[in-house]
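Written out below as structure tokens is the structure these notes cover.
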Amino acid sequence: MRNITISDQITEVCPGFHVAAIACEVRNSSHHHGLWQEIDAFYNRFASTYKIEDINQRPAIYATRQVYKQLGKDPNRYRPSSEALCRRILKGQPLYRIDTLVDLINLISLKTGYSIGGFDDAKIQGDLVLGVGEAGEKFEAIGRGLLNIEGLPVYRDAVGGIGTPTSDEERTKITAGTTRLLMLVNGYSGGEGLQEAVDLSVELLKKYAEAREIEIELLNVNGAATPH
């Protein structure tokens with residue numbers, strides 16, 4: 001498991017921040033019928049249960065938006081990924097179909113409200129630090145080109161930024177060839193509910209991506225790590 005450091009910049013605006021890191025060997029595929037049965041079932045339940053104004057009140061989404069505001073970022077312009085996915089459902093738009101690992105992570109994000117970073121661990125260089133994006137910092141968001149990450153929470157490796165709650169970076173993205181996954185479940189709302197998100201993640205990774213050699217750590221702003 002890579003070392004993850006949470007910077008003072010994040011601690012100051014979110015003293016209750018927790019993150020769950022999951023690393024494992026996986027087998028990716030272009031599509032998994034069983035997974036999409038689950039996704040479609042969730043889509044229909046969510047569409048019939050929630051209204052668009054309810055989304056921002058989900059605890060994990062609300063807390064992420066509050067951190068954006070404290071860092072000077074407009075969460076309505078740069079929406080957390082979990083919020084954007086929920087809004088697609090309530091607008092009647094189809095969910096993205098990328099590959100099994102990405103689709104699986106999106107389902108977990110939808111179910112829990114957490115914005116989740118999903119990375120090809122083999123493409124990450126060195127350890128990770130969670131800080132705040134700077135003006136002019138280059139970040140090529142997956143499928144959307146250069147993203148202005150000034151004021152966004154951002155994970156950086158030895159080369160540069162790899163993930164924000166709004167989007168991850170092209171350089172370390174999951175592909176068909178990904179065999180080792182790193183997932184970061186970001187609890188800007190604190191630690192409550194994070195273990196349940198980890199349990200769901202492990203269940204789905206085993207079920208649909210043949211996950212093995214699974215490592216899990218729960219970290220908070222004090223640097224405490226609880227390995228599993």
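The numbers here are math on the coordinates, done by the rules we state, and not lab data. Since this is a predicted model, take the numbers as computed values, not measurements. Neighbour counts are summed over all protein chains in view; Cβ atoms, including those assigned to glycine, are modelled from backbone coordinates with ideal geometry.
Kindly indicate which of VAL198, VAL185 is in a strand (DSSP E or B), closer than 26 Å to SER29 by Cα, within 15 Å of the chain's Cα centre (by Cα) and not small (Gly, Ala, Ser). Working first, answer last.
Values: VAL198 fails: in a strand (DSSP E or B).
Checking each option against the conditions leaves just VAL185.
Do you know which of the residues in segment 11-45 that are crowded, with 17+ Cβ neighbours inside 10 Å and among the aromatic types (Phe, Trp, Tyr) is nearest to the chain's Cα centre (by Cα)?
For segment 11-45, the residue satisfying everything is PHE17.
Residues in segment 111-133 that are part of a helix (DSSP H, G or I) and crowded, with 21+ Cβ neighbours inside 10 Å: how many?
Of the residues in segment 111-133, the ones part of a helix (DSSP H, G or I) are 111-112, 121-123.
Cutting the leftovers down to crowded, with 21+ Cβ neighbours inside 10 Å gives us 112.
The total comes to 1.
Starting from residues that are touching a helix residue (DSSP H, G or I) at 6+ places or on another chain (Cβ under 6 Å) and in a loop (DSSP other than H, G, I, E, B), keep the ones in segment 134-165 and report whichever is surrounded by the most Cβ atoms within 10 Å (Cβ to Cβ).
It comes out as PRO165.
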